[in-house]
Every structure is written in C-alpha cells, then in structure tokens.
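Taken together, the values in this text are just the output of simple stated rules run on the coordinates, not laboratory data. Quick caveat, the model's predicted, so the values are computed rather than measured. Methodologically, a virtual Cβ is constructed for each residue, glycine included, from the backbone with ideal geometry; neighbour enumeration extends over all protein chains shown.
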Amino acid sequence: MQNLLSTGRKFLPGAVILLLLVVSACNKAAQTVTPSLPGNEFLTTVELRLTNTANPSDVQLAISTQMSPYTHTYQVDSIYNNLAFLRLKANSTYSGQVIILDETQTPVDTVSLEILARENYHLFFFQPSPVLSSNFDVSTTTTYIPQADWLTNVPASDTTAFGIPENEYMTNATDSALNLVVNRTDLDANSPPMQIGLKDNFLTGAASTGTLRVVLRHQPNAKNGTYPPGSTDLDVTYAVTIY
Amino acid sequence: MRFKLLLSFIACLPGLGASLYAQHAECDLTISGHVYISDTTQLNARSASIRFPTLKKGGVTDNDGNFNFKGICPGKNRIIISYAGYKTLDTVLNMSQNLILNFLLFNNAQELGSVVVVGEVIKRDQITTAIKSVLSGAALEATRGLSLGESLKSIAGVNSLQSGPSISKPVIHGVYSNRVLIMNNGVRQEGQNWGNDHAPEIDPFIATKITVIKGAASIRYGSDAIGGVILLDPKALATAPGMDGELNLVGMTNGRVGVGSAVLEGAGGGKWDGLSWRLQGTIKKAGNSQTANYYLMNTGFDENDYSATLQYNKAHYGGTLYFSQFNTKIGIAQASVADNESDLEQDIARGRPLDDGFFRYVFGRPDQTVNHMLAKASGFVDLSNKGSRLEAVYAYQRDTRKEYDANPSDNSDTSLNTNGIPDLNFQLNTSTLDLIWEHAPIKHKITGSIGLNFITHENIQQGTAYQELIPNFVDYGGGVFGIEKYAVRRWILEAGIRYDYRWLQAYAYNPTSVVEDRPTYTWQEPTINIGASYKFNDHFSGDYNFGTAWRPPQVIELFANGVHQSAAAWEFGDSSLTLEQAYNNNLSFTYHDQKLIVQAGGYVNYFHHYIYAKPDLNYITTIEGTFPAFSYTQVNALFTGADLSLTYTFARNFTLISKTSIVRARNLAIHDWLIGVPADRFDNSIRYEWPAIGKWKHIFFEANNLVVAKQSRVPPNSDFAAPPPGYMLWGASSGFSAPLAGRELKVSLSVTNLTNIDYRDYMDRFRYYFADLGRNIALRLLIPFGTKVPSGINTGG
C-alpha cells in the first residue's frame, strides 16, 4: 500500500506529462495548408491552332480554359468559352494542332508535350455536330465518337461560345450539317503504329455552323484505335462557323 | 518491473490512493453474475446449479438467472455449472479480483462445435436495454476470412455498403459511415470513415465476439454512435500458466483467396502470476474476383495485420498494453473508372467490363493503400471491496490512406516517379483518453458509472489532386456522462445523461482570394438515454430504449469542393451546416422455449438536420468533362423498420434459422424516400446436425436461401441508374470437428451463390459497372494447439 503510494508519487510527473501529451498532441503540419507537391500538373487550357494550307496567314486559334480571364487564376469548377470558337473558310484544308497547357505553372507548362511523350497511351477524337449521317463512320482511322458516347443530356443552359447547345446529333440533310471532317496525321510508336491526333487535318465543306467536341482518351496498355478502352483526360466543345 | 510505471500512472490519478487494497490472502472475493442459455438470444437460466467443490459452496440462480457468492479465496477455484438440457460447465477460475461473469450454456442442438461457454465481465457502464446482436462462436467462425463488413451481414438489421468485391462497410438500420461507430478492443476506431469506399481498417480475426448495438449509443460512446455501434472484443487473456494458440486457414475459390491467421497466447505463473500476453497476426491475399460471367480485373488485395497484448492484473489493480497494425493494399476494379459524366453514361449503358478478363494476383492503379496503427494503454484499480472501480484507457491511432487514380499524373520531369505519387493522401492522427468510474452497487439494486472522454484529431492531406476533398484540420472534444440502472423485481430501469463539447479548425485556401482561411467551429449539446426491460414470464421479455444522439457535420460535408472519384460526381460542402440530431426509439420482444427462440424488434428513428449529398440535377463543366453536382444539405428524416430472428427446432436435429431485415427511410422535407437505403432482406437456413458419429462431432449440413427485394423506394431523378432487380441466392455449408491432441480441430466447407447467378445489389456502389460475385467455395480450418490442458472457458477481467 505505502509502497504503491510512494511509487505513485515518484511517477506522478510522468503521468502529468503523459496527460499533457494527450491534450496537446498537435502536429504543426496539420495546422496549415499543405503545399502542393512538386510536379503536380493540371490541364487548365486546351487550344486548337489551325493554319490554312492555302494561306499560311489565315491562322485560327480557339481556346477553352479554366483560367479566369478576370483574375488569371485557376477556377476549380468553371470553364471559360469566350474564345472557344473557330471561324474557317469553306472548302479549305487547315492543318491543326492540339495544344494543352497548365497555366498554373510559371512558366506555363505545355502538357501536350508530355502527352506526346506518352503517345502510345493517348488518342484524340473529334466529333462535329450536327454530323451528316452519310459521313458518320466509326472506325480505327476516323475521328468520330461512337454515338453511344455522345453528349445528349447536357442541360440547355450549358452552351458553347455563341450560345450553341453542346448536345450532339445527326442529320440527313447536307444543309443543316456542320461540313467539317477531321483526320489525324500523326502516328505513335506502337507496333503496328496507331494514330494519336495531336496533329490533324481539318477539311471544310460548304458554309455551315455547329459544334466540334474534342475528347482525349487515356488508354494505358489498352489503346487499339477505338474509343471505349480507358478513361477521358479532357472533353471540350468548341463552336464552329464555316463561311 | 516494467509494469510498475503503468500501475503507478493509474494509482497517481487523483483521489485513488487512500482506498487501495492491502490484503490479498483473505477469502474476501465475490463472484456474481448471470447464467444464460443459447447462443443468439441470451436467455436467463433459472435455477441453474452452481457449485464450488473445493470451497464446499454452492447454490442456484434466481428467477432471472443471477447468482452471487461471497467469501471466495483468491487463486484457483473449480466451478461447476449445470442446467437441465444443457451441457455442464466444469472449469477452473483463476480468481484475483471480484468477478462479475456471464456464463453462456449451450444445448446440444445449438452447440455448433464452438465455445462451450463464454464468460465475461458485465460492464456496468454499458447500456443494458439497448437492442444488441452478438456474433460469436460458430456463427463468427463461419465468417472467417471475410472482411468486417461482410461478416456482419449475417445479423438481422445489419447490411453492408460495398464498393465492388473488396470494399465493404457495415450499415445498421439503414445508416452507415460516420453514423456507425466501431469500438475496436475498447477504442473508438478513427479512420477516414467519411468515404463510402473506405472500409473499416480492422482485422476481424482480433475479435472472438462482435456485438452490434442497433440504435443510438452516444450516451456511452459519444458522437458517431448516432445509428449504431459495433464492438469488437478479443477473447479475455489467459490466466492459467502455459501457452496455447490457434491457427485459422481459409481458402476461397473466387479470387483464389488465401487467408492465414494465427494467435499465440499465454500466462505466467509463480513469480509471474498475473502476467498474460498474446500475439496475433493475419495474412490475406486475393486476386481478381469473378462474377457469374466474367472476371473483374484489378480487384485483388494484399493485407497483413498483427497485434500484441501484454497484461498484468492483480487482485485489485491491473494494466494492459495493446498495439495493433493493419496494412492493406486494395485494387479498385478497372471497369469502375469513370472520369466524367459521359464516361459514366457509357459505362452504365454497357453495365459490364469491356472484356471477360482473366485471373491474376497482380494489380495496379487504381488502388488504395491503407495503414492503421493503434497503441493503447489501459488500467483499472478497485477503490473499495464493494465494487467501486476506476478505469482509464489512453489510445493513439495513426491512419494513413493513399488513393491512386487510374492514371498517374502526366509529368515531364521524369526524375519524379509520378506513378508512385498518390492522388489522395490523408493522414489522421487521433488521441483518446477515457476515464470511467463504476460506483459500488447501492443496496444491490442501483449500479452505474460516470465517465469522461477526451479526443483530438489532426488531419494532414498531401494529395496531388487539385480538388481537395478534405482540408487539413485539428479538433478537440470532451464529454462527460453518467449511466445508472435500477433492478427491481421484473424490471430493469436505466437512464443516462451526457454532455459533449467539440472545437474544430480547418486550414484551406479561400478559392477566390487564395489566402489561407481558418474557419473555426464549436458545437456542444446534451444527450439523454432512458430504457426499461420487463420480464413477463420465464419465456417472454421486452426491452425498450429511447436515446438521443448528435454528431457535428464532418469536414467533407463542410468543405468538399471537387470530384469524388469512382462516382464521377462533383460534391459541394456547405460550411453553414449545423449538427445532426437523432432521436431513436427501439422496442424488442424475446420469446424462448425448448424449441423456439424468437427475437422481434421495431424501431422509429427521427433525424433532425440529417446530412446527405443531394443531387443538384445540374452539371459542373470543366476541361475534363461534365460532372453531375451533389450538394451536402440537411433535411429531417425518419427511419423506421423491423428485424426478426427466429430459431425453430421443428424436428429432431432439424433447425430453421430465419432472419428478416426491413427498413424504410423518408425524407420529410420533400415527402419522398431517401436514397442509399437497403432493400428488404430475408435470410433462411435449414440445418441438420448429428451430435456425434464416433470421434467426429457436430457434423452438420446446412442449406441457405437469401432473398433480397428490389429497392423500389427511391426518389425519381436521384441516381445514375435505376435500382437493380431483386435476387435470390442459394448457399450450402457442411462441417465437423475431430479430436486433435486433446483439442478440437474444426473443418467446414461452404458455398455461396451456389447456382452462380448474375446479380447486383442496390447497396453496391459499383452495381452500375458490373455484377456482384459469382459462386464462391470456401474451406475453413481451425487448428488449436498449446501446452495447457484444454478448458472450455474464457474468463473476463
């Protein structure tokens, strides 16, 4: 009894320290915002840069971005389509390039170069809408998106530049279709090589308007030229006017 | 002695020293408690005979199954308990303190080749009238190798929320996640329980008894115990000198799962009397699981867990050190990857993986790595010889969760191995301290306890995902409670009151100004609980419990702003959410006779300011695509339901075991149903058992039929796809036990989804993408070993 009490007194300071530890076990790391890890990159901006092959001074740049044009900061849940439109001459050929940027970095990081470095895992798709049903042909060499994967449920309030609804549809009438065909012109290092889509040809027909949806599929160890394998890295829609 | 430090820590707590014991040698100990019969419903054994042959003492239990003997000498005492129709218990108790023990006797029909008797200290700080179900003995052994969430599905009123084949978390009376508290060996489990795909970080092999409290138990356990509590209790440590152990081996065909779990334990004698120890470890490995028609790629997992316990108990004081580590790496089905809304629609339209897949153990991204460490020090000291006791438990937990998306971040700097960088990375450190004083019974009728709880968390997130789901935060909480029970004639009445305070500060960038914000919250609220238990006659009794409970909104509910992976949903938190308050009513009736045992219960649980993610029915558009938006919001909700369990021996050796779970949940704000509530479930088995053939014992065959209805009670436009149709699964199992060096080797073989049907459960979050598991055949072996003479009792203390 006495023994126990005296050992109790002996260890009282230790017990008090233990109790203090209990109530003040706070780690400084928790009490601040954790800095971002180095090398952490995002897709903030997708640009289409198109050059008329007949007239190199006719350069069209369409930009879809999550960088606020007002504050120049990344907006987590907003997309800015103010510049996301293409004006293309009728019956022309444009050579195109997809440029993907991370504008949160200084200097701005060109993510499309990293996609090029992993070309065997990536495949771009370009879906004009309204698409002429006789043109629409899903294969490993065309850039059309299978109809099952079209945007059909986007609320009418979600529009591209010029207020065009994003939903995709097909038409039988040449007059109402967007007369645009996109072909990929680059090949990856797979065996046999498959297309990538960072570089493309844009072929325009008669004057028309519509939308162009660009989807980058990420297909690690699964790329086979079709749309379904893998997941989507980016999915943006541009307004298009052919004049 | 190393243990002096711990003991003196306990002894130096304020006000203790004066009434500590000095005498040990005198025969001044008491043993009291209760004798129950049967495994599932724990009915009182009236007039059971209890004898202490060495002390020449004896007597019978009263009408309620209670007994009380005084003048017991410290040391080893033989005790014999017998009851007509039930197996006689004859064992030795190593007495070092006053014991309050529950004895559970099994009859031959129910003696499923498991524990003969389980004794435990009746916790005076528990809620007696709460509705509980216990999974132990043979019923628990039949679930060995499964995760905790899957193991508990065999209890009426308990379901699971799955994320594919390898992630499962328990659902009690329709609520889950941060409304269900898990007490892991006496410590609040503090992991990242906010995520629907975050399973409890616990190895079920540590427990030999799992108790589910259905209903609010905040009065005792604090916040989170708003819808139910799961108590995992290991077997009491050995007290007799020697060493023994047990090896569990489980093999399953689906996923080619292999599980090995071993426990080794012992106790010291002589100079080392009072010292006990246990070492336990589990290894699990699984590959791709298989549905009826195809494999699910990337659904393997690797798990390894271990724990160690060291205890030193003397007559009137004692202490325990416990350490456990849980490590798992779980592959997430490739077919569940949906990066945006159009991916999701495409996956749902297909409803299955692109190809049939194949078997392999190897898995990669997407996956999760979870580590959970628990260190615990606890002790008790008796303040008087009349049953006044003080207990203290301190625990520290470190939970780390790393989630890897399907794609590593693209990065030009090849010196950074982005493949190894997790997209979500959380570390949650938790310290808890509990102090409980159980006062001496007043006039042998009033028992109770007063307790203090302290808790502090710190969360550090280091993920690379831009959209932070949960910011860093720190919180502190404290609670004080008192529970008292009054036992008189046929009644047990109890009441409790509690008061909690919690402070929380989060650290996040303000999204518009990009400066650090430190939003700070405090919450405080009382909690009450009242209950009554009434015995109509020897066969029939009723329990009623009313409890309030509350929980503060969780950090994700306050601050989320980003994509919740695998749901392809954008979640918005609401920093103005207030605390959620629950009012639980539980009523349960129990009937038993020689052939029939029925437990029927109903509940009405009202939630004020129930927090849930409500579909906004609009979309968030980003470069990566469009996402349906969900906002955390508060409504008033009403959960009602009923559970029925029935065991009926309708012919010699034939038993029907039937379990029914029904729950209805209404959103009172819009007068519609709540989403994510389990469908009606009917689980029926017929069992035939031979008591013995030669040396083989407990030979049984069992056929099982499980019917789960379609969940037709969902609000419109609230989900990505309509609820799947109902389904019916058949199962069968068989087993026996055989003597092995004086112990019992147990073998069983079971088949689930016998007819290999293709089905989906509404509570599987991955039901959009693929079907649930196909046929699975499991072989279980339980191999006991040791140096001690086998005995069938485990004593508490």
field: Unit charges on C-beta of K, R, D, E only; dipole of chain B, Debye
entry: 3600
field: Karplus 3J(HN,Hα) series, Hz, for the stretch B:602-614 with 6.51 cos²θ - 1.76 cosθ + 1.60 (x for Gly, Pro)
entry: x, 8, 10, 10, 9, 10, 9, 6, 5, 9, 8, 8, 8
message: Averaged across A:222-233, how many Cβ atoms of other chains sit within 10 Å of each residue's Cβ atom?
response: 4
Subset of B:Lys57/B:Lys695; B:Lys132/B:Lys595; A:Lys89/A:Lys199 violating a 26 Å alpha-carbon distance limit: B:Lys57/B:Lys695
- prompt: Can you pull the mean other chain C-beta count within 10 Å for peptide A:209-216?
  reply: 1
query: So what are the ³J(HN,Hα) numbers for the stretch B:633-649, from phi and the Karplus equation (6.51, -1.76, 1.60; θ = phi - 60°), rounded to whole Hz, Gly and Pro as x?
result: 9, 10, 9, 8, 9, 10, 10, 10, x, 8, 10, 9, 10, 9, 10, 10, 8
- line: chain A, Gaussian network, Cα under 10 Å: of A:Ser64, A:Ser157, A:Ser231, the residue fluctuating most is A:Ser157
- prompt: Under a 5 Å amide H to amide H cut-off, with H placed in plane at 1.01 Å, what residues pair with B:Ile332 once short-range neighbours are removed?
  reply: B:Asp367, B:Gln368
- request: Check the straight Cα-Cα distances from B:Lys314 and name the aspartates and glutamates below 12 Å, setting aside those fewer than 8 residues away within the same chain.
  value: B:Asp273, B:Asp382
- request: Neighbouring Cβ atoms within 10 Å as the yardstick, rank A:His72, A:His122 fewest first.
  value: A:His72, A:His122
Given charges at beta-carbon only (K, R positive; D, E negative), |dipole| of the protein assembly as shown in Debye: 5360
task: Could you point to the residue in B:Leu321, B:Ser218, B:Tyr612 farthest towards the positive end of the protein assembly as shown's charge dipole, with +1 and -1 charges on the Cβ of Lys/Arg and Asp/Glu respectively?
output: B:Leu321
statement: For B:Lys56, counting only lysines whose alpha-carbon sits under 24 Å away and dropping same-chain residues fewer than eight positions off, the answer is B:Lys70, B:Lys76, B:Lys87, B:Lys386
- line: Expected sort for B:Ile219, B:Ile783, B:Ile670, B:Ile421 with the fewest Cβ neighbours (10 Å cutoff) up front is B:Ile670, B:Ile783, B:Ile421, B:Ile219
- request: Report, by chain and number, residues whose modeled amide H sits under 5 Å from the one on B:Leu668, excluding near sequence neighbours (fewer than 5 apart, same chain).
  value: B:Asn636, B:Ala637, B:Leu638
- request: Given the options A:Leu61, A:Leu88, A:Leu123, state which has the largest fluctuation in a GNM of chain A using a 10 Å cut-off (strictly under) for Cα springs.
  value: A:Leu61
- line: Dividing the helical contributions, -39500 (n - 2.57) per DSSP H run of n ≥ 4, by the residues of the protein assembly as shown yields a 222 nm value, nearest 500 deg cm²/dmol, of -2000 deg cm²/dmol
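In a shell of Cβ-Cβ distance under 13 Å around A:Pro155, excluding A:Pro155 itself, what net charge do Lys and Arg (+1) and Asp and Glu (-1) give? Walk me through the intermediate numbers first.
Working: positive: none; negative: A:Asp158, A:Glu166, B:Glu341, B:Asp616.
Summing Lys and Arg as +1 and Asp and Glu as -1 gives -4.
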task: Work from the charge dipole of the stretch A:45-242 (Cβ charges, +1 for Lys and Arg, -1 for Asp and Glu, about the Cα centre) and give the residue of A:Pro146, A:Gly96, A:Ala84 farthest towards its positive end.
output: A:Gly96
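Please give the net charge around B:Asp593, taking every other residue with its beta carbon less than 14 angstrom from that of B:Asp593, where Lys and Arg add +1 and Asp and Glu add -1.
Once positives and negatives cancel, what remains is +1.
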- prompt: Can you work out ³J(HN,Hα) from phi for every residue in the stretch A:192-206, in order, using Karplus 6.51 cos²θ - 1.76 cosθ + 1.60 and θ = phi - 60°, giving whole Hz and x for Gly and Pro?
  reply: x, x, 10, 6, 10, x, 5, 10, 8, 10, 10, 9, 9, x, 5
For the protein assembly as shown, with +1 on Lys and Arg beta carbons and -1 on Asp and Glu, the positive-most of B:Ala338, B:Gly601, B:Ser449 along the dipole: B:Ser449
field: Principal axis dimensions, the stretch B:131-786 - Cα atoms, whole angstrom, descending
entry: 69, 55, 54
statement: Per residue of A:144-156, other chain Cβ atoms within 10 Å number on average 3
message: Check which residues have an amide H placed less than 5 Å from B:Asp517's amide H, if you skip close sequence neighbours.
response: B:Ala508, B:Tyr509, B:Asn510
query: Can you give the three extents of the C-alpha atoms in the protein assembly as shown along their principal axes, from longest to shortest, in whole Å?
result: 113, 65, 52
